[in-house]
Amino acid sequence: MEAQSKSVDTLSHPEALQTDVITLNMGPQHPSTHGALRLILKLDGERVVSAQPDIGYVHRGYEKMAEAMTYNQYIYLTDRLDYLSAIFNEWCYCLACEQLAGIEVPRRAEYLRVISGELCRLSSHLVWLGAMGMDVGAFTPLTYTFREREMILEIFDLLCGQRMTFNYCRIGGVARDLPAGFIERVRDFLKYFERMPDVYDRLLSDNAIFLARTRGIGTLTQELAHSHAVTGPNLRGSGVSKDLRKDDPYSVYAEFDFKVCTQSEGDALARYRVRVEEMRQSARIIKQALDQLPAGEITAKVSRVFRPPVGETYARVESSRGIQGFYLVSDGSAKPARCRIRVPSFAGLSVMPKLLHHVQVADVVAIMGSIDFIVPEIDR
Amino acid sequence: MLTMIGFYLLSVLAVVAGLFLVLSRNLLHAVLALAVASMAVAGLMLTLSAEFLAFVLILVYIGAVVVIGVFAVMLTGHFDHPKLPTSNELKGLGAVTSLGLLFLLLGVVLIQPIAQARTVAELSVKQIGTLLLTKYVLPFELVSVLLLAALIGAIVIARGKED
Amino acid sequence: MSRPELQVEQLQAAFPEAKAEAGKAFGPELLLGSVEQLVAVCEQLKTAQEFGLEVLEDYTALDTGEQFILVLRLTSNQIITRKLTVKVSISRAGAKVPTLCPVYGSAEWYEREIFDMFGIRFSGHPDMRRILLPDEWKGHPLRKDYKDERMLKRPGA
Amino acid sequence: MNYIYDLSRIVQWTRAQLHWLADWAGTSVFWADGLGTLIVMFVLFAFCASVVMVLVYAERKIAGHMQARLGPMRVGWHGVLQVIADTIKLILKETEIPNRADRPLYRAAPYVVFVSGFLALIALPMDKNLVPVQLNVGLIYMIAIGTPGVIGILMAGWSSGNKYSLLGGMRSAAQMISYEIPLVLSLLGAVMLAKSLDLHTLVEAQKIPFVVYQPVAFFIFLISAVAETNRNPFDIPEAESELTAGFHTEYGGIRFAYFFLAEYVNMFVLSALGATVFLGGWQGPFLPGWCWYLIKTGAILFVFIWFRWTYPRLRADQLMDLSWKVLTPLAFINILVTGLILVLM
């Protein structure tokens, strides 16, 4: 109030013209936080001074729950970590169990896992693509990508009776063999889907406004990516060709011919390009897997009560968002002594304060969208 | 008759809004009162069939002055404190200025017969334009230069030192 | 950078105070003698040419009942097949662990999570708060001695 | 020939009836004029409401078909009654006022915004003899009367007591002010050609629509008009992914409906202005004038809708850059070139 009664010489005191920094709580209920995430933004006008994510709104104690459940009981829970690409969670968990007990998974089961996993990657990237368009203000791509995603979900419905939380993988294999007509259905879909990445490209990446909104935005340098353990498409968008499917092949990935897509820029556009290209590669992998699908058993002989020997393991798979890891410690009983879940989004989000430093409010949304995190997975 | 009723209603509105503008403790309300007052004055001009002036008044006073005012008030904050003083140490000077202005205006009104003011108001846009670019070209250009200087000055102050 | 995989002998030679083993889970295992070495060892693993492990992929803890074990998974983004597990035992009674934040950026959140779940405090951490649980939560759930009257007993357990 | 479609005859007839009524009742012409004004206002409001209803339905349908879906289908044939159902819902809804709101401003804001858009309608010539108020500075009126809308948006943004609203309101006002400049400048070229600010004369002067002579100006006008109405790709004030809904985040029920109404009225007004100044207004062969007026306005409106469902959103600073660094200089150059050609010819 003193400023009102005394005249302030603004030229010699520029701070008198300074505007207040306002604190803006983005979330936990906000359309672009993609779940119950709170982002505490400090704004100077339109510019972000600091951004601090606040997580834990959907913490369900997954790691604690594992200690009270048998190995088999836990499988269906893992679906609810990254619900957009649920197969990878089950797959990774089952992989960890199999490593613990030294179980050899039949080749047909591995193929089925690859097919469902890559379909899942497709659907997850489709959701991401639509949401990314939405975040920068284009509503239309969402309806297109959801149309295709719906087809994939129907395929999953056919495969395991569920659209999102599949509960398909089992320790030692998968739950069911392919239903009749499945292969034709997937082939039809792939034929249809072939030209779709180009359609999305025409919708978004040929658009000058989309380019202006994403190029040079939220640049994730390699140093930052290394330091914050960023993995998956985000890392590949920064020019690091790291893909477990290629570099540390698990399952039967070594038998497929596909490319690891990278972009060197590290900005939101690069991450977008990587994901669109990954969709093409996933489609290729599915096609090869369908062609080479071997006959045989779909599950290994595993006793009903799964009791792995004492020991520990750390299994990793390349999920749609990066490296998903399960660290299981067995004390010889039917329940894990410790189950640690390494999720890609956790690291992806921890880099956020660095990426959001000194950007504009509108870019916050674009950057968050381009990083592609899943809140239930972060909170576990 | 309709115009007469309109004239008196608008006059009352203008005065009330003006008083509210001066007396309100909430800066934002005050600025908005200025908008209402400008609107009322523009309406008065319409009743005097000075359409062009009326719309220019709306454009400049509401579209520019009031909006900038609202921005300034919002950006500085502290605008609705109940203890906000409605006067300051320049009270005396302000009184003298406004009284002087009042007498000046009264003088003009008394000297000029109303009828003549009517005809002036009925000048068409074309005539105003012609006058601005012939008879009053020098003041017009001077005002432009002044405004330009003010604009640049404002930018210099707002930018501050390069950081 | 001749050999992509890290060798146990190489590790043992570089860190004589620690114990290197051929681990089964995730690359070789390096068992540190004391937690004070942690930062220096990680610094060397990250910066030294022959290791180049610049990614802290995962950092978690384990409650064995008698002690806590900190488990670090280090990988490299340059030589991608490279991986290493670093383990260090600490006492359950309020041991102070030096923070890894200056070495690995990802450690900041991982350490907050370990604190949240196990109550292990990290000295020098810039923001030692709970991360997943609410700030007013009592206890640290992943400790084996954690009790909560709201916890349900599963039938047969 | 098009006797029955000539709406201006209905207007003349109504006026004659009113005067006859005044004579018959022995009252003065003043009352007849007053009653006439009321009728005009009522008819305009009805027109305005029906235009908005048609527009909202059209927008939802067009959006639906652009997005590989159908749009509203349930209420009425192909969902034609959907808008009415929505209106009823909005009217019946309980209106709440946030605790931290500045109540008088909060209440007033939607009406300020709406009235400002509505008043612009009265100067638009819809047909040769069909214009509610004939103004010889009609164009300046159209530009001036929109400005209180900015104040209304600022009022809404500030009085809601919500940071998102405040940011949205400020962005909106900044945007509208910035785009008003190229918008006005783009219209000047046409004014120079017609040598008049009267919308009626402007239309009459267009034997060939001015868009042929002034393509650049029309382009600038179109972009500025989209920005002026805060629609995608310039819907930064409302940017639902960042600011949830901008200045009307805290509004609901009938007050929200007024904002909604205002948005579409503004869209219509600007499209109609574009049709009047650049596309030759009510001039056209075969059909009666008001049909041409509606067709041309509809064409521009379709472009508005098309933009919205195709483009992503620009960022605030990119938006300002576009206005100040591209459109404004371009508009000035356009005026200069037009002036030069007019002088030389």
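A few comments on the model shown:
- Qualifying residue in region D:178-199 (condition: away from every other protein chain (no Cβ under 14 Å) and part of a loop (DSSP other than H, G, I, E, B)): no
- Looking only at residues in region A:237-264 that are within 12 Å of chain C (Cβ to nearest Cβ) and under 22 Å from residue A:353 (Cβ atoms), the one that is surrounded by the most Cβ atoms within 10 Å (Cβ to Cβ) is A:238.
- Those residues of region C:33-55 which are touching a helix residue (DSSP H, G or I) at 6+ places or on another chain (Cβ under 6 Å) and either within 12 Å of chain A (Cβ to nearest Cβ) or not in a loop (DSSP other than H, G, I, E, B) (or both), in sequence order: C:53, C:54, C:55
Here is a yes/no grid of residues against (1) in contact with a strand residue (DSSP E or B) (Cβ under 7 Å, 6 or more places away or on another chain); (2) among the acidic types (Asp, Glu):
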{"residue": "C:9", "(1), (2)": "no, yes"}
{"residue": "C:13", "(1), (2)": "no, no"}
{"residue": "C:26", "(1), (2)": "yes, no"}
{"residue": "C:32", "(1), (2)": "yes, no"}
{"residue": "C:39", "(1), (2)": "yes, no"}
{"residue": "C:61", "(1), (2)": "yes, no"}
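- Check on residue D:151, among the β-branched types (Val, Ile, Thr) and open to solvent by 20 Å² or more (accessible area, probe 1.4 Å): no
- Residues that are part of a helix (DSSP H, G or I) and surrounded by 23 or more Cβ atoms within 10 Å (Cβ to Cβ), drawn from region A:342-354: A:344, A:345, A:346, A:347, A:348, A:349, A:350
Residue by residue, here is whether (1) at pLDDT 85 or above; (2) over 30 Å from residue B:33 (Cα atoms) holds:
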position: D:67; (1), (2): no, yes
position: D:73; (1), (2): no, yes
position: D:79; (1), (2): no, yes
position: D:85; (1), (2): yes, yes
position: D:94; (1), (2): no, no
position: D:104; (1), (2): no, no
position: D:110; (1), (2): yes, no
position: D:123; (1), (2): no, no
position: D:135; (1), (2): no, no
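- Some residue of region C:97-111 being of a type in the set (A, V, I, L, M) and open to solvent by 10 Å² or more (accessible area, probe 1.4 Å): no
- Some residue of region C:90-101 being facing chain A (nearest Cβ under 9 Å), among the basic types (Lys, Arg) and either under 19 Å from residue A:38 (Cα atoms) or part of a loop (DSSP other than H, G, I, E, B) (or both): no
- Within region C:77-89, tally of residues that are open to solvent by less than 10 Å² (accessible area, probe 1.4 Å) and in a strand (DSSP E or B): 4
- Residue within region D:152-167 that is within 14 Å of chain B (Cβ to nearest Cβ), part of a loop (DSSP other than H, G, I, E, B) and over 21 Å from residue B:69 (Cβ atoms) present: yes
- Residues of region C:40-76 classified as in contact with a Ser or Thr (Cβ under 8 Å, 6 or more places away or on another chain) and open to solvent by 40 Å² or more (accessible area, probe 1.4 Å), total: 1
- Looking only at region D:297-330, and only at residues there that are farther than 17 Å from residue D:219 by Cβ and of a type in the set (Gly, Ala, Ser), the one that is farthest from the other protein chains (Cβ to nearest Cβ): D:298
Residues checked against (1) in a loop (DSSP other than H, G, I, E, B); (2) in the same structural domain as residue D:203 (by TED's automatic domain parsing); (3) at pLDDT 80 or above:
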| site | (1), (2), (3) |
| --- | --- |
| D:250 | yes, yes, no |
| D:254 | no, yes, yes |
| D:271 | no, yes, yes |
| D:286 | yes, yes, no |
| D:292 | no, yes, yes |
| D:304 | no, yes, yes |
| D:307 | no, yes, yes |
| D:311 | yes, yes, yes |
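- Some residue of region A:303-312 being of a type in the set (Lys, Arg) and within 11 Å of another protein chain (Cβ to nearest Cβ): no
To keep it simple, each residue is scored yes or no on (1) free of Cβ contacts under 8 Å to residues at least 12 places away in the same chain; (2) away from chain D (no Cβ under 14 Å); (3) within 17 Å of the chain's Cα centre (by Cα).
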residue	(1), (2), (3)
A:78	no, yes, yes
A:98	no, yes, no
A:131	no, no, yes
A:149	no, no, yes
A:159	no, yes, no
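- Scanning region A:47-81 for residues being outside any loop (DSSP other than H, G, I, E, B) and not small (Gly, Ala, Ser) gives a total of 14.
- Positions within region D:280-308 being farther than 21 Å from residue D:266 by Cβ and open to solvent by 60 Å² or more (accessible area, probe 1.4 Å), in sequence order: D:285, D:286, D:287
Yes or no, residue by residue, for (1) assigned by TED's automatic domain parsing to the domain that holds residue D:259; (2) of a type in the set (Lys, Arg); (3) outside any helix (DSSP H, G or I); (4) over 20 Å from the mean Cα position of the chain (by Cα):
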residue: D:100; (1), (2), (3), (4): yes, yes, yes, yes
residue: D:113; (1), (2), (3), (4): yes, no, no, no
residue: D:118; (1), (2), (3), (4): yes, no, no, no
residue: D:125; (1), (2), (3), (4): yes, no, yes, no
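The values are calculated or read from the model by the stated rules, or taken from the named source; none is laboratory data. Since the structure is predicted, the reported quantities are computational estimates derived from the model, not experimental observations. Glycine gets a Cβ as well: all are built from the backbone with ideal geometry, and neighbour counts include every protein chain shown. Note: areas computed on protein heavy atoms with side chains; ligands, DNA, RNA excluded. Shrake-Rupley method; radii C 1.70, N 1.55, O 1.52, S 1.80 Å.
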